[in-house]
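The values are calculated or read from the model by the stated rules, or taken from the named source; none is laboratory data. Not measured: the values here are computed from a predicted model. Counting neighbours? That spans all protein chains shown, and the Cβs are built from the backbone with ideal geometry, glycine included.
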Amino acid sequence: MQTTLNSNPAERLAEKPQLGGGWTVVSKVPRLPGATGGNFSVGYVVENGRGRQAFLKALDYSHAFKQPNPTEVINILTSSYVYEKSLLNQCRDRRLSRVNVSIDDGEVPAGELHETLTVPY
């Protein structure tokens, strides 16, 4: 299904339930009224083939294109994603037990959810 540039592929991730690494999208995490944060991401519950459930954070770049300076906003978002991914991987690799760690990451390729955008997770 082709969509317009104004659509949000991160909101539509459940339409492609099978992700890389053997993870399957189970459900979208509802955003509670008055919740802060998550302006540029959508949360999902995912499950692997062994029944292990985890939280998936799908990045949403669609809002960046509505800003007066989309290139700068996209740069900030992608830099933040790379930093957060690196930090979570360091926590995982050092076996820190009191922080959330990254189990997996990847991207849903363009064309499956949107004409041009990928959805990093």
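General remarks:
A quick yes/no check of all residues on (1) within 12 Å of the chain's Cα centre (by Cα); (2) at pLDDT below 85:
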{"site": "MET1", "(1), (2)": "no, yes"}
{"site": "ASN6", "(1), (2)": "no, yes"}
{"site": "GLU11", "(1), (2)": "yes, yes"}
{"site": "VAL26", "(1), (2)": "no, no"}
{"site": "ARG31", "(1), (2)": "no, yes"}
{"site": "GLY34", "(1), (2)": "no, yes"}
{"site": "ASN39", "(1), (2)": "yes, yes"}
{"site": "GLY43", "(1), (2)": "yes, no"}
{"site": "GLU47", "(1), (2)": "no, no"}
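Results for (1) over 21 Å from PRO9 (Cβ atoms); (2) touching a Phe, Trp or Tyr at 6+ places or on another chain (Cβ under 9 Å), shown as yes or no for each residue.
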residue: ARG31; (1), (2): no, no
residue: VAL46; (1), (2): no, yes
residue: GLY51; (1), (2): yes, no
residue: ALA58; (1), (2): no, yes
residue: HIS63; (1), (2): no, yes
residue: LEU77; (1), (2): no, yes
residue: LEU88; (1), (2): yes, no
residue: ASN100; (1), (2): yes, yes
residue: GLU107; (1), (2): no, yes
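- Restricting VAL73, VAL42, VAL46, VAL82 to residues that are touching a His at 6+ places or on another chain (Cβ under 9 Å) and of a type outside the set (Gly, Ala, Ser) narrows the list to VAL73.
- Hits in segment 62-94 - residues which are loosely packed, with under 13 Cβ neighbours inside 10 Å, at pLDDT below 90 and of a type in the set (D, E, K, R): LYS66
- Among the residues making up segment 7-25, those that are in contact (Cβ under 8 Å) with a residue 40 or more places away in the chain, closer than 15 Å to SER41 by Cβ and surrounded by 18 or more Cβ atoms within 10 Å (Cβ to Cβ) are ASN8, PRO9, ALA10, ARG12, LEU13.
- Yes/no for ARG52 being out of contact with any helix residue (DSSP H, G or I) (no Cβ under 7 Å at 6 or more places or on another chain), surrounded by fewer than 15 Cβ atoms within 10 Å (Cβ to Cβ) and at pLDDT 90 or above: yes
Yes or no, residue by residue, for (1) within 16 Å of the chain's Cα centre (by Cα); (2) of a type in the set (D, E, K, R); (3) assigned to a loop (DSSP other than H, G, I, E, B):
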| site | (1), (2), (3) |
| --- | --- |
| PHE55 | yes, no, no |
| ALA58 | yes, no, no |
| ALA64 | yes, no, no |
| PRO68 | no, no, yes |
| VAL73 | no, no, no |
| SER80 | yes, no, no |
| TYR83 | yes, no, no |
| ARG95 | no, yes, yes |
| VAL99 | no, no, yes |
